[in-house]
Amino acid sequence: MKKFSILAAIAVAAIMGSCTGGAPKANLKNDVDTLSYAIGLAQTQGLKDYLTMRMDVDTAYIDEFIKGLNEAVNASNNKKKAAYYAGLQIGQQVSQQMIKGINYEVFGDDSTRTISLKNFMAGFISGTTGKDALMTIDEASMTAQTKMQSVKARVMQEKYGDWKKQCEEYMANIAKKEGIKDLGDGVYYEVITEGNGAIPADTSRVQVHYEGKLLNDSIFDSSYQRGEPTKFRCNQVIPGWTKALTNMPVGSTWMVYIPQEQAYGEREAGKITPFSCLIFKIELLGIE
């Protein structure tokens, strides 16, 4: 939606005059009147969709919106009322957008869980007023980042704990399998074809064919299915891939077994659920 311009805001105020009830009746006596009305009408393009989809306004209560709109417009020269209406506007954004976004980031699609609105508002108001803050803004940013990671990890552990355990058991068994070689950090491989070409550096751009599977044997990605190899730098992929490629001679084909810590961890990535160990067939075709 287009932003309301200052000119449009002035026009709306001129049309509404002192009316604070329902919609004022247009009276187009001259060019300024017509200009004002046209600007006001034109600026509402997409507004109803914005109100319903972005601000969660029920159109059954559109009269209440109009009432609030009239009051806010006519309070533009009253600093006390202007501050109050600004608080209402920011409060709506916090409630309908910010809190919902944070909850989704932390708890995913579990709508029964939420952050503490009371503590959120305590921090929000302290930051706004500059009074009684328990930490600095920089400390708050760092704390929010670390705490979000730990809370998300606990939430994912609760939801995917059984899957994580299965993957850990699988990797433990792979380590004992005959012919398996250890790359370190829990990454293992077995040779299908031994190449004799150069070994890439972590900054090397390589060409590979590959197929990735989950523990349940489902394929989540495959360059073979797409019909063409993939090119990328060795340090632009998950750590387990980097570790494999930087030990792999050109011409080799390996089966590589990557624990979740060297893959996506507690993150979800497309078809890959959190805490997934990944199994790759990797064919290193060349270094560019």
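Tabulated values for the structure
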quantity	calculated
Principal-axis tilt of helix 62-74 within the chain, Cα atoms, nearest 10 degrees	70 degrees
Linear extension gain, ASP217 paired with ARG113, 0.36 nm per residue minus alpha-carbon span	34.2 nm
Whole-Hz couplings from phi, Karplus 6.51/-1.76/1.60, listed for segment 110-124; x for Gly and Pro	7, 6, 7, 10, 8, 5, 7, 5, 4, 6, 4, 5, 4, x, 4
222 nm mean residue ellipticity, helices alone, for the chain (DSSP H n ≥ 4; -39,500 (n - 2.57); rounded to 500)	-14500 deg cm²/dmol
Distance from segment 26-75 to segment 162-219 (C-alpha centre basis), Å	60 Å
Using alpha-carbon coordinates, inclination of helix 31-42 to the longest axis of the chain, degrees	30 degrees
Candidate aspartates and glutamates for bridging to LYS165, where Cα separation is under 14 Å - those fewer than 8 sequence places away on the same chain excluded	GLU261, GLU266
Among the listed pairs LYS48/LYS100; LYS81/LYS131; LYS48/LYS118; LYS164/LYS231, those beyond 27 Å (Cα-Cα)	LYS48/LYS118; LYS164/LYS231
Ascending count of other beta-carbon atoms within 10 Å, so fewest first, for TRP254, TRP163	TRP163, TRP254
Per-residue ³J(HN,Hα) for segment 148-154, Karplus 6.51 cos²θ - 1.76 cosθ + 1.60, θ = phi - 60°, Hz, x for Gly and Pro	4, 4, 6, 5, 4, 4, 5
Order of SER111, SER276 - criterion: other Cβ atoms within 10 Å of each residue's Cβ, fewest first	SER111, SER276
Summed residue charge, Cβ within 11 Å of ILE192's Cβ, Lys/Arg positive, Asp/Glu negative	-2
Residues CYS234, CYS277 arranged by fewest to most Cβ contacts within 10 Å	CYS234, CYS277
Average projection area in nm² (convex hull over Cα atoms of the chain, one quarter of hull surface)	23.6 nm²
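Any read-out appearing in this document is the output of simple, stated calculations on the displayed coordinates, not a laboratory observation. Not measured: the values here are computed from a predicted model. Glycine gets a Cβ as well: all are built from the backbone with ideal geometry, and neighbour counts include every protein chain shown.
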